Structure formats: C-alpha cells, structure tokens
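Accompanying notes for the structure given below.
The values are calculated or read from the model by the stated rules, or taken from the named source; none is laboratory data. Owing to the predicted nature of the structure, the values given are computational and were not obtained by experimental measurement. Cβ placement follows ideal geometry from the backbone for every residue including glycine, while neighbour counts extend to all protein chains displayed.
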Amino acid sequence: MASPGRRRASDRERYRERKEGGWCVRNGCDNEAIPGEVFCDYHKELDEERRAKNIAEGKCRCGNPVVEGRSRCQVCLVYHATYSRERYQANKETEKNASKARYNERKAAGLCVRCGKLAVPGKTQCEYHADRQAEREARRRESNASL
Ligand SMILES: [Zn+2]
Ligand SMILES: [Zn+2]
Ligand SMILES: [Zn+2]
C-alpha cells in the first residue's frame, strides 16, 4: 500500500542510496554518476540544458519564478548566499594562513617575501620589489606633502 507520504520518503531514500553509491540519481538510470556529481554524463547534460532553458525563459535556473530584480528564486538566493559565504570564509582563512606561512618561510630563508627571489641583505625583498616599495613610499610622501 503506497500512501503519498510513504512514496516521498522512499524516493528520498532511493536518492540518498544512489548518491552515496555513486550512481546517477535520475529515475530509471543505471549509469554511474560523474565523481562528485549526482548525475551521469548524459543526465548532467540534460540538467544543464534545462537550466539554460530556464534562464533563457527568464526563470531561475531551477525553474522557479525569480525574485524581482534578481536572476534567481528565493530558495536559490538563500542557498547561494549561505553556500558562497561559507566557502568565501573558508578560502579566506586558508589563503591567509598560506600566505603568512609563505611570508615567514621566505623571510627566514633570506628570500624576497613577494616573489621568492634572493632578497637584498638585511631586507625582506629582492632589489626589484624593494625598489618598487621605495618608489611607492616616495610617491605616498609626495602626495601627502602636496596636500
Ligand atoms: Zn543518468
Ligand atoms: Zn531557484
Ligand atoms: Zn621580489
């Protein structure tokens, strides 16, 4: 006996199982999914076609009506905002740590902290970058003096 609620639950279950097993989640498809994706080659292409069609029709890529003045629906806007903010934060942290580590490494090795070439003795930068910085500082002093 299949009540509607029961069928929804088993669809979700099936989706999860197929996704975890690395199979295309599209109904009746027996292809392996592209690694990291939920669809096989064929269905991913179909999905992209549908997305392009939705966008061409002025709808959100998922087919929902868009929020006025935006190119996405409410659901996608919220999803995208959360997702990209998290990713942005994560990237920023990694990038900050990586560049700090690189800076310290180069400084300790007597290399230019900007490009990794040999630094001018007693400085943290190579001739080129030390010059550039001196120039920038001179310009800044000039513009301050002319104020
Ligand atoms: Zn498929
Ligand atoms: Zn949407
Ligand atoms: Zn340099």
Notebook entry, point to check: Restricting attention to the range 123-147, and to residues there that are out of contact with any strand residue (DSSP E or B) (no Cβ under 7 Å at 6 or more places or on another chain), outside any helix (DSSP H, G or I) and of a type outside the set (Lys, Arg), which single residue is nearest to ligand 3 (Cβ to nearest atom)?
Noted result: Gln125
Note to self: Cβ-Cβ distance below 9 Å, separation of 6 or more or different chains: which pairs start in the range 86-112 with a residue that is closer than 15 Å to Thr124 by Cβ and at pLDDT 90 or above and end on one that is surrounded by 10 or more Cβ atoms within 10 Å (Cβ to Cβ) and of a type in the set (Asp, Glu)?
What the structure shows: Leu111/Glu105; Cys112/Glu127
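Residue-wise test of (1) more than 15 Å from ligand 1 (Cβ to nearest atom); (2) modelled with pLDDT under 85; (3) not polar (S, T, N, Q).
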| residue | (1), (2), (3) |
| --- | --- |
| Arg6 | yes, yes, yes |
| Arg18 | no, no, yes |
| Trp23 | no, no, yes |
| Glu49 | no, no, yes |
| Lys59 | yes, no, yes |
| Ser84 | yes, yes, no |
Next item on the list: Determine if the range 99-113 includes at least one residue that is of a type in the set (S, T, N, Q) and exposed (fewer than 13 other Cβ atoms within 10 Å of the Cβ).
Entry: yes
Margin query: Being outside any helix (DSSP H, G or I), of a type in the set (S, T, N, Q), within 16 Å of ligand 2 (Cβ to nearest atom) and closer than 30 Å to Asn54 by Cβ is the requirement here; does Ser84 meet it?
Written below: no
Notebook entry, point to check: Could we say that Cys29 is hydrophobic (A, V, I, L, M, F, W, C), outside any helix (DSSP H, G or I), touching a strand residue (DSSP E or B) at 6+ places or on another chain (Cβ under 8 Å) and surrounded by 10 or more Cβ atoms within 10 Å (Cβ to Cβ) here?
Noted result: yes
Note to self: Can you go through Val113, Val120 and tell me which one is over 30 Å from Glu49 (Cβ atoms), in contact with an Asp or Glu (Cβ under 7 Å, 6 or more places away or on another chain) and part of a loop (DSSP other than H, G, I, E, B)?
What the structure shows: Val120
Check: Do you know which residues across the range 49-68 are closer than 21 Å to Phe39 by Cα and assigned to a helix (DSSP H, G or I)?
Finding: Glu49, Arg50, Arg51, Ala52, Lys53, Asn54, Ile55
Note to self: Pairs please, first residue from the range 14-34 and over 11 Å from Lys44 (Cα atoms) and among the hydroxyl-bearing types (Ser, Thr, Tyr), second anywhere and away from ligand 2 (no atom under 16 Å from the Cβ) and not in a helix (DSSP H, G or I), Cβ atoms under 9 Å, 6+ apart in sequence or on different chains.
What the structure shows: Tyr15/Val25; Tyr15/Val38
Notebook entry, point to check: How many residues does the range 32-47 contain that are assigned to a helix (DSSP H, G or I) and either of a type in the set (A, V, I, L, M, F, W, C) or modelled with pLDDT under 90 (or both)?
Noted result: 1
